[in-house]
């Protein structure tokens, strides 16, 4: 079974558009997405649909229930959120952190949050 078509159909429904409208908007031929009911989509087309809905390809393939793009967030925080938090931190003597310190702290926080899942 190939869940991708049903997932795309549900995303269309949430946006109030039809499958055919989606195909027109992304430049696919008419009724081409219907073939996804019986076969796996080609990676290039899957990427186009993922980009259109701003979801991960793993979500479209039914590998995860989380639609967020994996590199986009860690435990609800974007990498930029984590960098802002690290920039606000100070050293023990009250001095601001260097860019290298901010990078290191951001990486440590991301690793920690990924491990908590």
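Any read-out appearing in this document is the output of simple, stated calculations on the displayed coordinates, not a laboratory observation. What you see is a predicted model; the values in this text were computed from it and never measured.
As a test of the formula, what do you get for the chain when each DSSP H run with n ≥ 4 contributes -39,500 (n - 2.57) and the sum is divided by the residue count, at 222 nm and rounded to the nearest 500 deg cm²/dmol? If you can, show how the numbers build up before the last one.
Values: 6 runs with 63 residues, N = 117.
Theoretical 222 nm ellipticity from helices: -16000 deg cm²/dmol.
Shape verdict for the stretch 4-60, please, from the Cα gyration tensor: rounded (a/c under 1.5), prolate (a/b greater than b/c) or oblate. Before the final figure, lay out the partial values.
Details: a/c = 1.26, a/b = 1.06, b/c = 1.18.
Judged from the Cα gyration tensor, the stretch 4-60 comes out rounded (a/c under 1.5).
Between residue 81 and residue 45, what length comes free when the chain is fully extended (0.36 nm per residue of separation minus the Cα-Cα distance, one decimal in nm)? Intermediate results must be reported in sequence, preceding the final value.
Working: separation 36, 0.36 × 36 = 12.96 nm, distance 3.12 nm.
Roughly 9.8 nm would be gained on extension.
Could you tell me how many degrees, from 0 to 90 and to the nearest 10, lie between the Cα long axis of helix 4-15 and the main elongation axis, the longest principal axis, of the Cα atoms of the chain?
Once rounded, one gets 80 degrees.
Helix 99-116 sits at what angle to the longest principal axis of the chain, using alpha carbons and giving 0 to 90 degrees rounded to 10?
60 degrees
Take the chain, connect every pair of alpha-carbon atoms lying under 10 Å apart with a spring to form a Gaussian network, then pick out the residue of 91, 57, 78 with the largest mean-square fluctuation.
For the chain, modelled as a Gaussian network with Cα springs under 10 Å, the answer is 91.
If you stretched the chain out fully between residue 54 and residue 104, how much longer would it get, using 0.36 nm times the residue separation minus the C-alpha to C-alpha distance? Please report the intermediate quantities before stating the final value.
On the way: separation 50, 0.36 × 50 = 18.00 nm, distance 2.87 nm.
Full extension of this stretch gives 15.1 nm more.
Go ahead and set up a Gaussian network model of the chain, Cα springs under 10 Å, then flag whichever of 99, 81, 51 fluctuates most.
Checking each option, the largest mean-square fluctuation is seen for 99.
Could you tell me how many degrees, from 0 to 90 and to the nearest 10, lie between the Cα long axis of helix 79-88 and the main elongation axis, the longest principal axis, of the Cα atoms of the chain?
Roughly 10 degrees between the two axes.
Please state, as a whole number in µm²/s, the translational diffusion coefficient that the Stokes-Einstein equation yields for the chain at 10 °C and 1.306 mPa s, with Rh defined as the Kirkwood radius across alpha carbon pairs.
On the way: Rh = 16.7 Å.
Rounded, D is 95 µm²/s.
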